[in-house]
Amino acid sequence: MTTKETEFEAARVTMVEEQIRRRGIVDETVLQAMRRVPRHEFVPYELQDGAYKDGPLPIGEGQTISQPYIVAYMTATLELIGNEKVLEIGTGCGYQAAVLSCVAREVHSVEFHSALGRAARERLNRLGYSNVVVHIGDGSVGLIEHAPYDAILVAAAAPEVPKPLLNQLAEGGRMIVPVGREDEQTLMLVKKSGNEFVLKRGEACRFVPLLGRHGWRIF
């Protein structure tokens, strides 16, 4: 291990303890995933020294890699135990998908921007996250060909919970999605029970807008 890799590893440990555990995330599986996934590999080279700081970073195409705490919070909220099939909307650089891959059996991730999606696919394959499949397309309509999903994580802000995603949840499935205005949202946890969906409000947040038919913008 090089000196730089040792520094990054130490930074991950500090990130988990100071930014995540101290804020109340106690799921050890999630904490272990956050310690394992090399966040610096998912950001532009010139930003790698700031990869473990407490905030989002730009990744191109007007998109961002989420704050580490938010990644951990959303993952922990889904209460994954390792045997689930998960759908992620908004692959971005692939970091959230990599974290999910450590705590779930199978991850399907959909990215609207083809260049970002292709880059994330290559990166995840190179780093060995073999249980993640990246798809290019309109994530606001979900991914019906692999439904139903035990959990869905939406990494972009929607004006309301997208109905197609509700329909693709398995019985007892959970979804975490930022809902609200384009400049400010609330993380909503949705649980499916029979024909009903129970919603619970979580933390305030700010995500880039969900693009597509059931999002903020259609191109």
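The values are calculated or read from the model by the stated rules, or taken from the named source; none is laboratory data. Predicted model only: the values in this text are computed from it and were never measured. Positions of Cβ are backbone-derived with ideal geometry, glycine not excepted, and every protein chain shown enters the neighbour counts. Side chains included, ligands, DNA and RNA excluded: accessible areas come from the protein's heavy atoms. Shrake-Rupley method; radii C 1.70, N 1.55, O 1.52, S 1.80 Å.
Hey, residue 33 hits all of (1) at pLDDT below 95; (2) in contact with a Cys (Cβ under 7 Å, 6 or more places away or on another chain) but one; which does it fall short on?
Unmet condition: (1).
Could you please give the count of residues in the stretch 154-177 that are touching a helix residue (DSSP H, G or I) at 6+ places or on another chain (Cβ under 8 Å) and surrounded by fewer than 22 Cβ atoms within 10 Å (Cβ to Cβ)?
So the count comes out to 3.
Within the stretch 194-208, can you find the residues that are out of contact with any Pro (no Cβ under 9 Å at 6 or more places or on another chain), over 15 Å from residue 161 (Cβ atoms) and not aliphatic (A, V, I, L, M)?
Passing the criteria: 194, 195, 203.
Hey, could you check the stretch 33-61 for residues that are part of a loop (DSSP other than H, G, I, E, B) and among the β-branched types (Val, Ile, Thr) and say which is nearest to residue 19 (Cα to Cα)? Show your work before the answer.
Residues of the stretch 33-61 part of a loop (DSSP other than H, G, I, E, B): 37-38, 43-44, 51-56, 61.
Those still in the list that are among the β-branched types (Val, Ile, Thr) too: 37, 43.
Numbers: 37: 15, 43: 19 Å.
Step by step, filter the stretch 33-61, then rank; the result is 37.
Mind telling me which of the residues 75, 91, 64 ends up being open to solvent by 10 Å² or more (accessible area, probe 1.4 Å) and either among the hydroxyl-bearing types (Ser, Thr, Tyr) or closer than 25 Å to residue 23 by Cα (or both)? Give the derivation first.
Details: 75 fails: open to solvent by 10 Å² or more (accessible area, probe 1.4 Å); 91 fails: open to solvent by 10 Å² or more (accessible area, probe 1.4 Å).
When all the criteria are applied, what remains is 64.
Any residue in the stretch 77-90 that is under 10 Å from residue 104 (Cα atoms) sitting within a Cβ distance under 7 Å of a residue that is at pLDDT below 95 and assigned to a strand (DSSP E or B)? List the pairs, counting only those 6 or more apart or interchain.
If the second residue must be at pLDDT below 95 and assigned to a strand (DSSP E or B), no pairs are left.
Would you pick out the residues in the stretch 17-46 that are of a type outside the set (D, E, K, R), under 19 Å from residue 97 (Cβ atoms) and touching a Pro at 6+ places or on another chain (Cβ under 8 Å)?
Just the residues of the stretch 17-46 that are of a type outside the set (D, E, K, R), to begin with: 19-20, 24-26, 29-34, 37-38, 40, 42-45.
With under 19 Å from residue 97 (Cβ atoms) added as a condition, the list becomes 20, 25, 29-34, 37-38, 40, 42-44.
Passing the criteria: 20, 34, 44.
So is residue 73 modelled with pLDDT of 95 or more, aromatic (Phe, Trp, Tyr) and outside any helix (DSSP H, G or I) or not?
Details: modelled with pLDDT of 95 or more: yes; aromatic (Phe, Trp, Tyr): yes; outside any helix (DSSP H, G or I): no.
Against the criterion (modelled with pLDDT of 95 or more, aromatic (Phe, Trp, Tyr) and outside any helix (DSSP H, G or I)), residue 73 does not qualify.
Could you name every one of the strands (runs of 3 or more DSSP E) located completely within the stretch 110-219 that has at least 2 residues being under 21 Å from residue 76 (Cβ atoms) and not charged (D, E, K, R)? Give the derivation first.
Values: elements: 132-136, 149-154, 169-181, 184-193, 196-205.
Those strands (runs of 3 or more DSSP E) span 149-154, 169-181, 184-193, 196-205.
Which of (1) out of contact with any Asp or Glu (no Cβ under 7 Å at 6 or more places or on another chain); (2) buried (at least 19 other Cβ atoms within 10 Å of the Cβ) is the odd one out, the single condition residue 202 does not satisfy?
Of (1) out of contact with any Asp or Glu (no Cβ under 7 Å at 6 or more places or on another chain); (2) buried (at least 19 other Cβ atoms within 10 Å of the Cβ), only one is false for residue 202: (2).
Could you please find all residues in the stretch 57-96 being within 9 Å of the chain's Cα centre (by Cα) and polar (S, T, N, Q)?
Matches in the stretch 57-96: 66, 75, 91, 96.
Might you check whether a residue that is part of a helix (DSSP H, G or I) and farther than 20 Å from residue 156 by Cα occurs anywhere in the stretch 78-101?
If we filter the stretch 78-101 for residues that are part of a helix (DSSP H, G or I), which is where we start, we get 95-101.
Filter once more, so that each one left must be farther than 20 Å from residue 156 by Cα: none.
Scanning the stretch 78-101 turns up no residue that is part of a helix (DSSP H, G or I) and farther than 20 Å from residue 156 by Cα.
Criterion first (in contact (Cβ under 8 Å) with a residue 40 or more places away in the chain, small (Gly, Ala, Ser) and open to solvent by 20 Å² or more (accessible area, probe 1.4 Å)) does residue 151 satisfy it? Walk me through it before giving the result.
Values: in contact (Cβ under 8 Å) with a residue 40 or more places away in the chain: yes; small (Gly, Ala, Ser): yes; open to solvent by 20 Å² or more (accessible area, probe 1.4 Å): no.
No, not satisfied.
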